[in-house]
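The values are calculated or read from the model by the stated rules, or taken from the named source; none is laboratory data. Here the structure is a predicted model, which means the values were calculated and not measured. Counting neighbours? That spans all protein chains shown, and the Cβs are built from the backbone with ideal geometry, glycine included.
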Amino acid sequence: MKFKLFLTLILFYSCASTSTNYKLKKISHNSLGFAYIYSNDEFINKNVSKKFDNTTMQISSNYVKRGTSLKIINPHNKKNIILKNTKHADYPEFYNILITEPVALEIGLDKNIPYVEVIEIKKNKSFKAKKAKTYIEEKTVNKKAPVQAVTISNISKNKFKNKNLNKKMRFFINIGTFYSLNTAKTLKSKIIKDLELSDSNIIKIKSKKKNQNELTSGPYTSINLMKNDYIQLKKFGFEQLDIKLND
């Protein structure tokens, strides 16, 4: 499409040190966003393409290979866990990873605001695959995967925290950081013109340092509004969109 070619050319000639590239780089090592907490109903309703064992700790990311170790961090309490990517599955694109309920419970994740950071653990980094927590129950899913035993106590008795969204909690969609201020302004105008966002005034440019012009959408105090804008931006052509939290 001419429109996508137009944006690609803009970014090719004008962007440097971008945190988000348009059609140039997929999410690979690090992402900030929301986790999709799996339930069997989601599979029955075809919101998830594959069935997971919700009594074990399993994760699914389509941005890394199966078997890759990922560190899932709860920024709120700093709790984290390292698990291997169980399998690829389709789930709503607003979310950057799928996790089963035991994973959410392990890191104390708020079911209503399941905000997480996901980091790929590479073998040549300080984190090693042997530190990954894997579980004996996963043998029923993938017998080839090396696992260690763990006891999971009556999960039905465990409750997620049920909190209303803190009014002071503000989320932003990081669209990209651009070398050229003119590029950021051109893209901002194009987004406002072509997309039906929740509010055109939420698209902002912040110049952090010289030649670092950050284009963001926000703040959002409603996850549903943010989800709508996020999906529109993805359809617009962006393949990597981080969601940042300022509280």
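Summary table below
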| read-out | value |
| --- | --- |
| Cβ pairs under 8 Å, 6+ apart, first in region 226-238 and touching a residue at least 12 places away in the same chain (Cβ under 8 Å), second in a helix (DSSP H, G or I) | Asp229/Ile202; Leu233/Ile191; Phe236/Ile191; Phe236/Asp194; Gly237/Lys4; Gly237/Leu7 |
| Residues (in contact with a helix residue (DSSP H, G or I) (Cβ under 8 Å, 6 or more places away or on another chain), assigned to a loop (DSSP other than H, G, I, E, B) and buried (at least 17 other Cβ atoms within 10 Å of the Cβ)) located in region 56-90 | Thr56, Met57, Gln58, Thr86 |
| All positions within region 178-201 that are over 21 Å from Met226 (Cβ atoms) and either of a type in the set (A, V, I, L, M, F, W, C) or assigned to a loop (DSSP other than H, G, I, E, B) (or both) | Phe178, Tyr179, Ser180, Leu181 |
| Considering residues of region 20-41 that are of a type outside the set (A, V, I, L, M, F, W, C), buried (at least 19 other Cβ atoms within 10 Å of the Cβ) and modelled with pLDDT under 90 only, the residue farthest from Leu181 (Cα to Cα) | Ser31 |
| Hits in region 43-55 - residues which are in contact (Cβ under 8 Å) with a residue 12 or more places away in the chain, surrounded by fewer than 19 Cβ atoms within 10 Å (Cβ to Cβ) and either out of contact with any Asp or Glu (no Cβ under 9 Å at 6 or more places or on another chain) or farther than 21 Å from Ile107 by Cα (or both) | Asn47, Ser49, Lys50 |
| Filtered residue count, region 201-233, keeping only those that are among the aromatic types (Phe, Trp, Tyr) and within 14 Å of Leu181 (Cβ to Cβ) | 0 |
| Subset of region 192-234 (residues that are touching a Lys or Arg at 6+ places or on another chain (Cβ under 8 Å) and modelled with pLDDT under 85) | Thr221 |
| Test: residue in region 42-59 that is modelled with pLDDT of 90 or more, among the polar types (S, T, N, Q) and either assigned by TED's automatic domain parsing to the domain that holds Lys234 or closer than 24 Å to Leu241 by Cβ (or both) | yes |
